[in-house]
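All remarks here apply to the structure that follows.
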Amino acid sequence: MKINQVEELVGITKKNIRFYEDQGLLNPDRNPENGYRDYSLKDVDCLLKIKLLRKIDVPIEEIRKLEEGKLSFSECMTAQSQRLAVKRDNTDLMIGLCDRLNNEVTEYDKIDASSYLDELKDLEKGGAVFMDLTKNDISKKTMTGAVIAAVFFIALMMLMIVAVVIGSTNDPIPKPLLIFIIAIPSVLALLTLMALIQRIGEIKKGEAYEARKY
């Protein structure tokens, strides 16, 4: 069957199906007549298993080991249960800290951040994991840069269009040529806007972690 049919059956996007193929988790046969991928019911079953395991955040590498027989299912589930327990404990720690801050601090200006950060540092030494500021804040910075660059370029294209229109009123340009000249910056501005929207979507999802939604 074709990838569109698999997408409907499994509820996983084509992009993610390709991702799993790139990761070696799925190896569909090729149609000898045209070279296109020919997915089987076995591939569908494989994708459903991958989807289930990704839903509970089992790492890609462990799914690969399961498929290769290098890891038993029991070992995988035990390890994942332990990882999730650690995440739960970390979340409980952050909830507890939020409650403490709410009770101990009356105003933002009066927070003794250093003392609380020292506590977090000690907890991290003991194995606790808190927000990864590098990953999260860099992605926001990247998004801001992309927006600024795109807005600047689109504004430049709009100014170019305005300049051409004003110039044509003083020194008339043949209409077909005028339309062609205006169309170029217009198309460039539209393409930039489309690229920006796509880029923002990728950044929000987290390109390196995109498949984690399954």
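From the P(r) of the chain, can you give the percent of Cα pairs sitting at distances over 32 Å?
Working: 11671 of 22791 pairs.
Value for the chain: 51 percent of Cα pairs lie more than 32 Å apart.
Across region 107-117, in residue order, what do the Karplus-derived ³J(HN,Hα) couplings come to in whole Hz, using 6.51 cos²θ - 1.76 cosθ + 1.60 with θ = phi - 60° and x for Gly and Pro?
Values, residue by residue: 9, 4, 5, 9, 6, 8, 4, 4, 5, 5, 5 Hz.
Residue by residue through region 76-86, which ³J(HN,Hα) values in whole Hz follow from phi under the Karplus form 6.51 cos²θ - 1.76 cosθ + 1.60 (θ = phi - 60°), with glycine and proline marked x?
4, 5, 5, 5, 5, 4, 5, 5, 5, 5, 5
Defining a contact as two alpha carbons under 8 Å apart and six or more residues distant in sequence, what relative contact order in percent does the chain show? Intermediate values should be presented prior to the final figure.
Working: 115 pairs, mean separation 45.8, N = 214.
Relative contact order for the chain comes out at 21 percent.
Mean residue ellipticity at 222 nm from the helices of the chain, using -39,500 (n - 2.57) per DSSP H segment of n ≥ 4 over the full residue count, to the nearest 500 deg cm²/dmol?
Working: 8 runs with 155 residues, N = 214.
Result for the chain: -25000 deg cm²/dmol, rounded to the nearest 500.
Skip the ligands, DNA and RNA, and give the accessible area per residue of the chain with a 1.4 Å probe, whole Å². Write out the running numbers ahead of the final one.
On the way: 15060 Å² over 214 residues.
With all protein chains present, the chain gives 70 Å² per residue.
Starting from region 94-133, pick out the GluC sites (Glu not before Pro) whose DSSP state is loop and whose Cβ has at most 14 other Cβ atoms within 10 Å. Kindly include the intermediate steps, with their values, before the conclusion.
Values: sites: GLU104, GLU107, GLU119, GLU124; in loops: GLU107.
Filter output for region 94-133: GLU107.
Carbon and sulfur together cover what percent of the accessible area of the chain at a 1.4 Å probe radius? Please list the in-between numbers first.
Details: 9190 of 15060 Å².
Its accessible area is 61 percent carbon and sulfur atoms.
With contacts defined as alpha carbon pairs under 8 Å and 6 or more residues apart, what's the relative contact order of region 1-125 in percent? Before the final figure, lay out each step's value.
Numbers: 58 pairs, mean separation 20.5, N = 125.
Relative contact order comes out at 16 percent.
Can you compute 3J(HN,Hα) from phi for each residue in region 168-182, using the Karplus curve 6.51 cos²θ - 1.76 cosθ + 1.60 with θ = phi - 60°, rounded to whole Hz and x for Gly and Pro?
Going residue by residue, I get 6, 6, 7, 10, x, 10, x, 3, x, 5, 4, 4, 5, 5, 5 Hz, with x marking Gly and Pro.
Say the dipole of the chain comes from +1 at the beta carbon of Lys and Arg and -1 at that of Asp and Glu; which of SER115, MET158, ILE179 then lies farthest toward its positive end?
Looking along the dipole axis, the top candidate is ILE179.
Which residues make up the longest stretch of the chain that has no trypsin sites (Lys or Arg not before Pro) in a DSSP loop with at most 14 other Cβ atoms within 10 Å? Intermediate results must be reported in sequence, preceding the final value.
Working: sites that count: LYS2, LYS70.
The longest uninterrupted stretch comes out as 71-214.
Which value, in debye to the nearest 20, gives the size of the charge dipole of region 1-151 about its Cα centre, when Lys and Arg are +1 and Asp and Glu are -1 at the Cβ?
On the way: 24 positive and 28 negative charges, 123 e Å.
Charge dipole of region 1-151: 600 debye, to the nearest 20.
Going by amide H atoms built from the backbone, whose H comes under 5 Å of the H on ASP38, apart from near neighbours?
Here the answer is ASP29, ARG30, ASN31, since their amide H atoms fall under 5 Å of that of ASP38.
Over 25 Å between Cα atoms, which of LYS87/LYS110; LYS55/LYS87; LYS87/LYS125; LYS14/LYS51; LYS15/LYS87 qualify? List each step's numbers first, then the result.
Details: LYS87/LYS110 30 Å; LYS55/LYS87 15 Å; LYS87/LYS125 15 Å; LYS14/LYS51 13 Å; LYS15/LYS87 28 Å.
As for pairs spanning more than 25 Å Cα to Cα, those are LYS87/LYS110; LYS15/LYS87.
Taking Cα centroids, how far is region 1-51 from region 54-126 in Å?
One Cα centre to the other: 33 Å.
The values are calculated or read from the model by the stated rules, or taken from the named source; none is laboratory data. This is a predicted model, so every value here is computed, not measured. Neighbour counts are summed over all protein chains in view; Cβ atoms, including those assigned to glycine, are modelled from backbone coordinates with ideal geometry. Ligands, DNA and RNA are stripped out before the accessible areas are found, and what is left, the full protein with its side chains, is counted by its heavy atoms. Shrake-Rupley method; radii C 1.70, N 1.55, O 1.52, S 1.80 Å.
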